[in-house]
Amino acid sequence: MARLHERERTPREREGSPWTGLGAVLAKEMADHLTSARMFILEILIVLTAVGTVYAALQGIRSGGQTKFLFLRLFTTAREPLPAFIGFLGFLVPLIAIAMAFDAINDEFNRRTISRVLAQPIYRDALLMGKFLAGLFTLAVVFSAIWLLIFGLGILGLGVPPTGEETARALWFLLVTIFYGGIWMSLAMTYSIIFRSPATAALASIATWLFFTVFWDMVVGLVVRLFQPAQVFSLEQALQLAQLELNLARFSPNTLFAEATIILLRPSVRSLGIVLPIQLDRALLGSPLPLSQSLVLIWPHLTGLIAVTILLFVVGYVLFQRREIRA
Amino acid sequence: MSETVIETRNLTKKYGDFVAVDNLNLRIQKGEVFGLLGPNGAGKTTTLLMLLGLSEPTAGEVRVLGLDPARQPLSVKARVGYLPDQIGFYDDLTARENLIYIAKLNGIPRHEIPGRVDDVLARVGLSDVADHRVRTFSRGMRQRLGLADVLIKRPQLIIMDEPTQGLDPELAQQFLRMIRDLKEEEITILISSHLLDQVQAVCDRVGLFHRGRMVLEGTVPELGRKVLGGAYRIRLRARGKEDAILEALQSLPGAVRAQRAASDLYEIEAESDVRSEAAAAVVKAGGKLFALDIEAQNLNDIYARYFEEVKHGPVA
């Protein structure tokens with residue numbers, strides 16, 4: 001009885017706001033990211049890639065006879081031996097995101113700073129959220145800079161300014177890229193909570209990424225074969241199988257990212273049907289879609305990317321809240 | 001009038017079946033320096049973390065400055081400074097940057113931060129190296145920076161976990177002097193340590209911790225009386241008739257025990273300081289007094305003796 005009474009006197013819910021101290025954590029973590037040697041190396045890597053692929057793309061565009069959506073072609077044109085810039089992004093984005101987050105939490109434990117920081121009047125929420133947002137903002141800063149660099153090179157190289165539609169599409173592309181990074185960052189951050197050793201967390205993150213990049217297609221192929229009847233009788237059955245394969249493939253963030261960027265950067269791609277993505281290169285039929293229709297086409301992809309980011313963050317959040325501070 | 005700063009009632013923490021802290025009842029008054037002493041693994045750090053709301057109690061009540069750390073963690077942590085054992089800093093940042101970060105987390109107004117940082121750095125004697133990276137700091141400097149880190153929020157209560165561990169004796173003394181200075185500012189201090197003799201010097205009261213339980217609590221002389229029997233140990237060197245001297249010493253009022261330790265060395269355990277009476281008794285018994293010495297209470301002795309008794313008793 002006495003205890004019950006005692007409990008009633010103090011408020012049941014936590015006092016104050018979980019955002020207390022978020023700004024301080026955010027500022028400190030962003031400063032760390034932007035000045036770290038790790039980030040410097042990654043920035044050099046991505047700037048070199050951007051300049052290289054865009055230079056190659058410029059030459060390709062000049063020799064080709066196309067006149068529409070020149071700026072978007074800067075991102076998508078591949079010229080032997082270099083792949084297109086978006087091809088590079090497919091693995092550079094996860095690499096950068098993982099590199100920024102794989103030691104986010106376990107490093108605080110290993111340096112023994114965690115108890116000192118959490119002994120300050122902030123909640124764990126602020127620490128985790130601050131670290132995540134700092135990573136996301138850093139990613140946004142880096143990719144915005146690259147984006148501007150590519151546009152700048154484009155203006156110099158092509159001699160024409162980008163149209164409004166091109167700019168809008170490229171901005172959406174930037175947004176998709178950042179959230180694609182968000183997925184890998186929240187994954188790496190969750191691993192950094194699960195694994196005590198940063199090396200293990202980094203390996204686990206890379207392994208997950210490799211799984212989705214290299215092995216997922218094989219897994220999908222195997223699964224589809226399981227469902228395949230001994231003989232395909234009708235076109236309908238064949239279509240169903242193809243649809244199943246496509247749906248399974250879309251569990252991989254890489255597929256979502258690839259499809260979303262293709263739709264955004266190639267307005268003439270009019271559907272994400274069964275023909276995707278292998279036959280896209282030759283899909284020249286019809287006139288380009290307006291931006292709004294392209295967005296409708298990739299809206300599920302966008303929400304999927306953001307939802308997975310949030311989901312992974314929540315998993316990490318719950319694990320971190322339950323973690324004993326004592327090493 | 002005294003104010004209770006820390007109060008726990010039947011505080012218990014279990015990790016699975018293992019009981020880390022077992023029904024702890026603790027009261028610490030304002031301005032006190034309290035030493036939580038015990039071997040490693042006795043549950044000291046767990047207790048400290050529960051006081052800070054960094055670990056949730058399995059059962060029992062905690063009040064720190066009248067607040068519940070589990071429900072009002074921000075208010076508690078804004079008023080309480082915590083110096084963890086083996087304190088870690090961001091090595092790539094300077095001492096100043098580390099302190100600024102902590103100041104910001106405490107919500108100290110922006111314009112006050114530079115002044116406060118300079119103040120605390122000067123206080124712990126690190127002003128010269130304020131802009132050096134913490135990577136280059138020695139163990140002693142880190143520990144002092146840790147103290148600065150705690151002081152920047154101007155706490156009412158400071159909780160220190162093994163503050164002198166890993167420091168050489170001189171640095172440890174220096175650090176303890178800083179703690180004594182804090183006491184003069186009416187800051188309540190709770191120190192956990194297994195280095196008894198170092199902590200003995202600064203603590204008003206101590207509690208001995210063993211297997212999650214507070215087995216003894218009180219001032220050092222009180223504990224001495226409880227465990228060693230006599231609170232005062234007097235050694236004297238005298239020559240003369242040994243039996244007569246011993247008898248005289250044994251019959252001193254207040255003497256619990258008197259014995260001959262060596263040929264002309266006698267030891268008395270007494271409830272009070274009976275040095276002058278002992279001297280008089282020796283002379284009266286026809287002995288010549290050469291030396292008279294009182295031994296300060298030693299926590300190590302108390303501790304060793306206590307656990308010796310526990311081991312032989314039914315508790316173990």
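The values are calculated or read from the model by the stated rules, or taken from the named source; none is laboratory data. Note that the structure is a prediction, hence the values are computed from the model and not measured. Positions of Cβ are backbone-derived with ideal geometry, glycine not excepted, and every protein chain shown enters the neighbour counts. Accessible surface areas use protein heavy atoms only, side chains included; no ligands, DNA or RNA. Shrake-Rupley method; radii C 1.70, N 1.55, O 1.52, S 1.80 Å.
Before moving on, here are some points about what is shown:
- Peptides ranked, highest mean first, by Cβ atoms within 10 Å: ranges A:94-102, B:37-45: A:94-102, B:37-45
- Heavy-atom accessible surface of chain B: percent carbon and sulfur, 1.4 Å: 46
- Computed from Cα positions, the angle between helix B:299-312 and the longest principal axis of chain B comes to roughly 80 degrees.
- 5 angstrom amide H check on B:LEU216, placed H, neighbours 5+ away: B:LEU208
- Test item: B:81-91 mean partner chain Cβ contacts at 10 Å: 5
- Note: relative contact order over chain A, using C-alpha pairs below 8 Å and six or more positions apart, is 22 percent.
- Among the listed pairs B:LYS14/B:LYS44; B:LYS44/B:LYS183; A:LYS28/B:LYS30; B:LYS30/B:LYS153; B:LYS13/B:LYS226; A:LYS28/B:LYS44, those beyond 25 Å (Cα-Cα): A:LYS28/B:LYS30; B:LYS13/B:LYS226; A:LYS28/B:LYS44
- Distance between region B:220-264 and region B:61-115 - C-alpha centres, whole angstrom: 51
- Unit Cα scatterers, Debye sum, region B:180-316: log10 I(q)/I(0) for q = 0.09, 0.10, 0.14, 0.22 Å⁻¹: -0.36, -0.43, -0.73, -1.19
- Taken per residue, the accessible surface of region A:1-154 reaches 44 Å², heavy atoms only and a 1.4 Å probe.
- Surface per residue (accessible, 1.4 Å probe) for region B:171-228, Å²: 42
- Positions from region A:99-129 whose accessible area shrinks by 50 Å² or more when the full protein complex is built, not the chain alone, probe 1.4 Å: A:ARG111, A:ARG112, A:ARG116, A:ALA119, A:GLN120, A:PRO121
- Chains B and A together bury roughly 3400 Å² of accessible area, counting both sides, with a 1.4 Å probe on protein heavy atoms only.
- Computed 3J(HN,Hα) for region A:80-89, one whole-Hz value per residue from the Karplus formula 6.51 cos²θ - 1.76 cosθ + 1.60 where θ = phi - 60°, is 3, x, 7, x, 5, 4, 5, x, 5, 4, glycine and proline marked x.
- Degrees, to the nearest 10: B:95-105 long Cα axis against longest axis of chain B: 70
- Residue mean of other protein chain beta carbons inside 10 Å, A:19-30: 3
- Residue-averaged beta-carbon neighbours from other chains (10 angstrom radius) around B:68-79: 5
- Accessible surface of chain A [probe 1.4 Å, protein heavy atoms]: carbon and sulfur percent: 69
- Modelled FRET efficiency - R0 56 Å, B:VAL19 with A:LEU48, Cβ distances, 0.05 increments: 0.40
- Local electrostatic count, A:ALA104, Cβ distance below 10 Å [Lys/Arg +1, Asp/Glu -1]: -3
- Cα gyration tensor category, rounded, prolate or oblate, for region A:169-232 with a/c compared to 1.5: oblate
- When the other protein chains are added to the chain by itself, burial of at least 40 square angstrom of heavy-atom accessible area (probe 1.4 Å, ligands and nucleic acids ignored) affects these residues of region A:289-327: A:GLU324, A:ARG326.
- Packing-based ranking of A:137-143, A:242-248, B:81-87 yields B:81-87, A:137-143, A:242-248, ordered from highest to lowest mean Cβ neighbour count within 10 Å.
- Listing of region B:103-122 residues, each with accessible area lower by at least 10 Å² in the full protein assembly than in the chain alone (probe 1.4 Å): B:LYS104, B:LEU105, B:ASN106
- The packing ranking, built from the mean of other Cβ atoms within 10 Å per residue, places the peptides B:6-12, B:147-153 in the order B:147-153, B:6-12, highest first.
- Entry note, chain B: relative contact order of 18 percent, from Cα contacts under 8 Å with a spacing of 6+ residues.
- Relative to one another, the C-alpha centroids of region A:166-225 and region B:116-162 are positioned 41 Å apart.
- Cα-based helix-to-principal-axis angle, B:113-123 vs chain B, degrees rounded to 10: 20
- Relative contact order of region B:102-155: 46 percent, from C-alpha pairs under 8 Å at least 6 residues apart in sequence.
- Working note: Karplus 6.51/-1.76/1.60 with θ = phi - 60° gives region A:201-210 the couplings 4, 5, 5, 4, 5, 4, 5, 4, 5, 4 Hz, where Gly and Pro are set to x.
- With every protein chain in place and a 1.4 angstrom probe, the accessible-area ranking of B:VAL129, A:VAL219, largest first, reads A:VAL219, B:VAL129.
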